[in-house]
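The values are calculated or read from the model by the stated rules, or taken from the named source; none is laboratory data. Predicted model only: the values in this text are computed from it and were never measured. Cβ placement follows ideal geometry from the backbone for every residue including glycine, while neighbour counts extend to all protein chains displayed. These accessible areas exclude ligands, DNA and RNA; they are computed on the full protein's heavy atoms, side chains included. Shrake-Rupley method; radii C 1.70, N 1.55, O 1.52, S 1.80 Å.
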Amino acid sequence: MKEANGHGIEIMNQETPILQVVGYQNSGKTTLITQLIKMLKEMGYRVGTLKHHGHDGDALYDDTNKDTNQHCSSGAVVTGVISKGQLQITNGDNFSLEKLLEMYRAFSLDIIMIEGFKNESFPKVLLLRTPEDEKLLYELNNIVFVISWYHPLPNSQIPVFSIWDEIGYLTWTQSFIQKKMSSKREHLNLQSVLRFSKRDAFINKGVDIVENNYYR
């Protein structure tokens, strides 16, 4: 199994836990993410999701000859349209995952669930539909547990759940996310301590300068 490659994206978003759900088509990724969203919402978390559209060149929304399409074809780098709580953004330069995660920061999320982008280095849930899918165990990195449609993997060094063991894998995920949220709080507390320490040091330095000038 590959080791995490430590992308800069992961460092950039260390304040917000990210969990990927990966697997081949029809392995149950969207169903699993839907289950996790409902569970996390009941726990009081603000959840954001991001799905990789695997059919390059296919438009997500047919906007041919409409206003926003004309904006793009005229040369706009990014075009957005909002209506009744729905937002569609089109970027002529193509979005990188890093840029998308930067955008998601604006929503003050507790956790981000990513469907797809399997070659990224974030913690992953891997769904295996058939034994042929097991090659992903060796091609991907940072797999935290596996959900299998057929049988347990006897030699696996990571947790494996049956697709029918909903309580098992949801409980494991809940525990995993709670640990991530705890680490997030500790990270934010450390940031606060460092910020106030720098502020106090700056204030004390200013006081010393004033006192030295006063007593000269």
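Things to note:
- Complete set of residues in region 1-36 that are small (G, A, S) and at pLDDT 50 or above: G23, S27, G28
- The single residue among S183, S156, S148 that is among the polar types (S, T, N, Q), surrounded by 11 or more Cβ atoms within 10 Å (Cβ to Cβ) and at pLDDT 95 or above turns out to be S148.
- As for region 120-129, it holds at least one residue that is touching a His at 6+ places or on another chain (Cβ under 7 Å), touching a residue at least 24 places away in the same chain (Cβ under 8 Å) and open to solvent by less than 80 Å² (accessible area, probe 1.4 Å).
- Every residue from region 123-142 that is under 19 Å from the mean Cα position of the chain (by Cα) and closer than 19 Å to N26 by Cα: K124, V125, L126, L127, L140
- Some residue of region 46-61 being more than 20 Å from N119 (Cβ to Cβ), surrounded by 15 or more Cβ atoms within 10 Å (Cβ to Cβ) and either modelled with pLDDT under 75 or out of contact with any Leu (no Cβ under 7 Å at 6 or more places or on another chain) (or both): no
- For region 88-114, the set of residues classified as at pLDDT 80 or above and either open to solvent by 70 Å² or more (accessible area, probe 1.4 Å) or on the phi > 0 side of the Ramachandran plot (or both) consists of E98, K99, E102, M103, R105, A106, F107, S108, listed by residue number.
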